[in-house]
Amino acid sequence: MRERRRHRIASLIYTIGWICALSTEQTAARQFLDERFEQLDGQEPSDNNTYTLGRIGKHNVVIATCPTIGTTSAATVARDMVHTFPKIRIGLLVGVGGGLPSKKNDIRLGDVVVSISDGPHPAVIQYDMGKQMQDGSFQQTGQLSGPPPLLLTAINALRSEHEDDGNPLDEMVGTALESIRKKRTRATYQRPEEESDILFKSEFHHDAQTIDGTDGICMTVCAQSHGEILQRNPRLEDDDVSMIHYGPIASANRVLRDGLERDKLARQAGALCCEMEAAGVMNHWPCVVVRGICDYADSHESKEWQGYAAMVAAAYAKTLLLRIAPNRIEQSETMNSIMRSLEAQSQSITHINEKLDAASEDRRQSKWRSWLSPVDPSTNFSKACSLRHEYCARYWTVYGRGLLNVDKEVQSMAALLFEPEVMYERWLRLYDPDRPWEETPKSGNKSINALYCAAATGLIWKPKLLIEESANVDGEGGHKGNAIKAAIYHGHEAVVKLLIEKGATINAEGGEYGNSLLTATLRRHKAVVKLLIEEGADVNAEGGVFGNAFQAAIYKGDEAMVSLLIEKDADVNASSMYTNALQNASFRGYEAILKLLIEKGADVNAGGA
C-alpha cells in the first residue's frame, strides 16, 4: 500500500500528455526533453502503456506510444494515461503525417502542420465518417472538438513570433541530433537532401512491379519519368527551412495512398495533412495535433523523410510548451475531469431520450383513451373527418402488410402509392415511419427511395416487385441509411430476410445507428439479430457510438441479448471508445450481466478502448 501511494504521489507532478503513433516518433520526442526521469515504481493495473518521463522547461511531460496505428489505439493510450497520471491537463499528439499540397498551400517534405480550424472546417476532420453523396462529394457527419483555448492562444502567439523572426525548428533539430550517440541513428533523423523531395502528378501511380523494398526505388525508377513530376519553384532564401502550416488535419482508420483522393480531400475538406490517430481522441482528450510531413499521401511511399519529420514535429511541440506558463496549465481542467464530464453528459442525453420516448408513448395512450371514451362523440367524428387523410397515411401500410395473398388487382392499386416518386412523397409528408412523433405538415424526406419506404413500412410484397424491377438493394437514403437498416430498425424480419436473399450488404456502416447488427441490438429485435448472425453478420463488427453490438446490448441492460451474442461468439472483452464490457456493465449497475460476463471469461483486469 505504501509503494502504491508513493507512485501515485509521483504521478501527480505530470501535467502534459504526449502521444506518439510510432517508435520513430517517440525516439524523436525523447531528444527534446530537457531532463529525463526514472520510470514510476508502478502504475494502474488497467494501464497497458509504457512511458517515457521527463521535463521540458518547467513542464513535467509523459510520453507514450500507441501499440498499433489507428484511432482506436490512440483512444486507448489516452484513456489509460489519465488513469495513471490523473493531473494531466494538456494533450499533444505529435508525429508524422502525409502532406496534402495544393495551389493555396505549398506543403513540402519536412514541413509541419498544426491542427486548427480554418473557419468552415474543424481542426480535425474524420474523413471516413460521413455520407458519400450522389454527386461524388463527401459530407461529414458530426464534428470533432478542436484544441482547448489555452493551446490555441499559445499557438497564435507562437505563430506571430515566427512570422516576424522565423522559426527555429531546423536549428533545434540540429542541436538535438548532437545528443544522439549512434551515427546510424543520427543519419536516420537528419534532414535528407532536397533532391529527394519529389511531388508526382496526382494520377501518376507508383509502378508496383518495381518495388524491391528499398526507399530509393522512386528515385531510381519513378523519378526518371520527368513528365510526371510537378515542377515547383525553389523557396526563397529567407524562408524557413521547415515551414509551419496551420489548418485542418484529416484523420481516419485507413492509410491514404492515392494522389487523386488526396487532392479531393484537400479541396473538399480544406485539409493540409492526413494521419490515423487524432479522430480517436479529440472529443474526450482535448489536444493539439502536430504532424511533420514525411510523404505526400500517394502511392510513392518512402520512409526517407520519416525520421526528420518526426524530429521537426517534436521541435515544434517543445516550442509550444515553452510558450505556456506553468500556472496557466495548473488552472485548467484535468483530462480525468473532462472524461468524467463527457460520460455524464452521454448518460444525461440517453436518459433524456428515454424520457422523451416514454412521454411520446404516454401521449399516444392518452389520445387513444380520449378517442375510445369521448365526452362528446360528435367532436371525435368531426375531427376524424378533418384528419382522415393523416390517419390513412399513417395506417394504410398496417393493413397493406396483409395484401400479400390478396388479389393482384388490390396489390396493383396499393402499388400506385409508390409510383411515381411524388406519390410516396405525399403520404410521407403526412406520416414518416422514421419520425412518427413529428406533427404535420412536414416538408418530406427527399432522401428516401421507394425500396427504403416499402422496407420501413414492412410491405414485403412491394420490395419484391421493386427488386424485380431492378431497384438497387443497397441504395442509400433515409435516416437509417438504406432499406435493410430501415427494415431492421422497425423489426420487419420477413423484409430483412428478403433483402438478404436479394443480395443486401449486412455488414455495411452508415445511418443513425451504425451497422445492421448494432441497429437490431439497440432496437432489441432478437429474432432479427439471430437472422443477421445466421446470414453472416460480423458479431464483433465495430461502428456507431457504442462501438459494437455487444457493448450496445450491455448499455441497454438487455441480459437476453447479451447472452445471445455471447452464444454467437461475441468478444466478452469488447471495448468501445471509453470502456470495456465489464466496465460498461459495472458503471450501470447491471449485476446479472456482470456475473454472466465473468462466467464467460471476461478479463477483470482488462482496460477499455
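The values are calculated or read from the model by the stated rules, or taken from the named source; none is laboratory data. Here the structure is a predicted model, which means the values were calculated and not measured. No Cβ is skipped: glycine too gets one built from the backbone with ideal geometry, and neighbour counts run over all protein chains shown.
Are there any pairs, at least 6 apart or on different chains, whose C-beta atoms fall under 8 Å, with the first in the stretch 501-516 and in the same structural domain as Asp538 (by TED's automatic domain parsing) and the second of a type in the set (D, E, K, R) and crowded, with 20+ Cβ neighbours inside 10 Å, and if so, which?
Between residues of the stretch 501-516 that are in the same structural domain as Asp538 (by TED's automatic domain parsing) and residues that are of a type in the set (D, E, K, R) and crowded, with 20+ Cβ neighbours inside 10 Å, the close pairs are Gly510/Lys485; Gly511/Lys480; Gly511/Lys485; Glu512/Lys480; Tyr513/Lys480; Tyr513/Lys485; Ser516/Lys485.
Looking at the stretch 459-486 only, could you name the residues that are within 30 Å of Asn353 (Cβ to Cβ) and either of a type in the set (Lys, Arg) or at pLDDT 75 or above (or both)?
Within the stretch 459-486, Asp474, Gly475, Glu476, Lys480, Gly481, Asn482, Ala483, Ile484, Lys485, Ala486 qualify.
Collect the residues in the stretch 475-490 that are surrounded by fewer than 24 Cβ atoms within 10 Å (Cβ to Cβ), free of Cβ contacts under 8 Å to residues at least 60 places away in the same chain and either more than 8 Å from Ala456 (Cα to Cα) or outside the structural domain of Leu531 (by TED's automatic domain parsing) (or both), keeping them in residue-number order.
Step one: of the stretch 475-490, the residues surrounded by fewer than 24 Cβ atoms within 10 Å (Cβ to Cβ) are 475-477, 479, 490.
Okay, now just the ones that are also free of Cβ contacts under 8 Å to residues at least 60 places away in the same chain, so 475, 477, 479, 490.
Answer for the stretch 475-490, where residues must be surrounded by fewer than 24 Cβ atoms within 10 Å (Cβ to Cβ), free of Cβ contacts under 8 Å to residues at least 60 places away in the same chain and either more than 8 Å from Ala456 (Cα to Cα) or outside the structural domain of Leu531 (by TED's automatic domain parsing) (or both): Gly475, Gly477, His479.
For Lys595, only one of the following conditions fails: (1) surrounded by fewer than 16 Cβ atoms within 10 Å (Cβ to Cβ); (2) within 25 Å of the chain's Cα centre (by Cα); (3) not small (Gly, Ala, Ser). What is its number?
Failing condition for Lys595: (2).
Those residues that are over 25 Å from the mean Cα position of the chain (by Cα) and modelled with pLDDT of 85 or more, I need them from the stretch 499-528; list them, please. I'd like the intermediate steps shown before the answer.
Quick first cut of the stretch 499-528, residues over 25 Å from the mean Cα position of the chain (by Cα) only: 499-503, 525-528.
Within the stretch 499-528, Leu499, Ile500, Glu501, His525, Lys526, Ala527, Val528 qualify.
Could you please give the count of residues in the stretch 84-126 that are hydrophobic (A, V, I, L, M, F, W, C) and in a loop (DSSP other than H, G, I, E, B)? Reasoning before the result, please.
Quick first cut of the stretch 84-126, residues hydrophobic (A, V, I, L, M, F, W, C) only: 85, 88, 90, 92-94, 96, 100, 107, 109, 112-114, 116, 123-125.
Applying the additional criterion that residues be in a loop (DSSP other than H, G, I, E, B) yields 85, 88, 100, 107, 109, 116, 123.
Summing the residues that are hydrophobic (A, V, I, L, M, F, W, C) and in a loop (DSSP other than H, G, I, E, B) in the stretch 84-126 gives 7.
Name the residue, out of Ala585, Ala570, Ala552, that is closer than 17 Å to Leu522 by Cα and not in a helix (DSSP H, G or I). Spell out the reasoning first.
On the way: Ala585 fails: not in a helix (DSSP H, G or I); Ala552 fails: not in a helix (DSSP H, G or I).
From the options Ala585, Ala570, Ala552, the qualifying one is Ala570.
How many residues are out of contact with any strand residue (DSSP E or B) (no Cβ under 6 Å at 6 or more places or on another chain) and either farther than 20 Å from Val289 by Cα or surrounded by fewer than 21 Cβ atoms within 10 Å (Cβ to Cβ) (or both) if we restrict to the stretch 32-55? Write out each step before concluding.
Keep residues of the stretch 32-55 that are out of contact with any strand residue (DSSP E or B) (no Cβ under 6 Å at 6 or more places or on another chain), which gives 32, 38-48, 50.
Then keep just the ones that are either farther than 20 Å from Val289 by Cα or surrounded by fewer than 21 Cβ atoms within 10 Å (Cβ to Cβ) (or both); that gives 38-48, 50.
Of the residues in the stretch 32-55, 12 are out of contact with any strand residue (DSSP E or B) (no Cβ under 6 Å at 6 or more places or on another chain) and either farther than 20 Å from Val289 by Cα or surrounded by fewer than 21 Cβ atoms within 10 Å (Cβ to Cβ) (or both).
Any chance the stretch 325-335 includes a residue that's part of a helix (DSSP H, G or I) and modelled with pLDDT of 95 or more?
Let us first name the residues in the stretch 325-335 that are part of a helix (DSSP H, G or I), namely 326-330, 335.
Retained after the next criterion (residues that are modelled with pLDDT of 95 or more): none.
Scanning the stretch 325-335, I find no residue that is part of a helix (DSSP H, G or I) and modelled with pLDDT of 95 or more, so the answer is no.
Condition first: hydroxyl-bearing (Ser, Thr, Tyr), at pLDDT 90 or above and not in a strand (DSSP E or B). Now tell me which residues in the stretch 49-83 satisfy that.
Initially, the stretch 49-83 is screened for residues hydroxyl-bearing (Ser, Thr, Tyr), giving 50-52, 65, 68, 71-73, 76.
Those still in the list that are at pLDDT 90 or above too: 50-52, 65.
Correct list: Thr50 only.
Quick check on Thr319: is it over 20 Å from Val124 (Cβ atoms) and modelled with pLDDT of 85 or more? Full working, then the answer.
Details: over 20 Å from Val124 (Cβ atoms): yes; modelled with pLDDT of 85 or more: yes.
Yes: the conditions hold for Thr319.
In this structure, is Glu261 touching a strand residue (DSSP E or B) at 6+ places or on another chain (Cβ under 7 Å) and more than 17 Å from Leu169 (Cβ to Cβ)? Give the derivation first.
On the way: touching a strand residue (DSSP E or B) at 6+ places or on another chain (Cβ under 7 Å): no; more than 17 Å from Leu169 (Cβ to Cβ): yes.
No.
Could you list, in sequence order, the residues of the stretch 511-530 that are of a type outside the set (S, T, N, Q), out of contact with any helix residue (DSSP H, G or I) (no Cβ under 6 Å at 6 or more places or on another chain) and crowded, with 20+ Cβ neighbours inside 10 Å?
Gly514, His525
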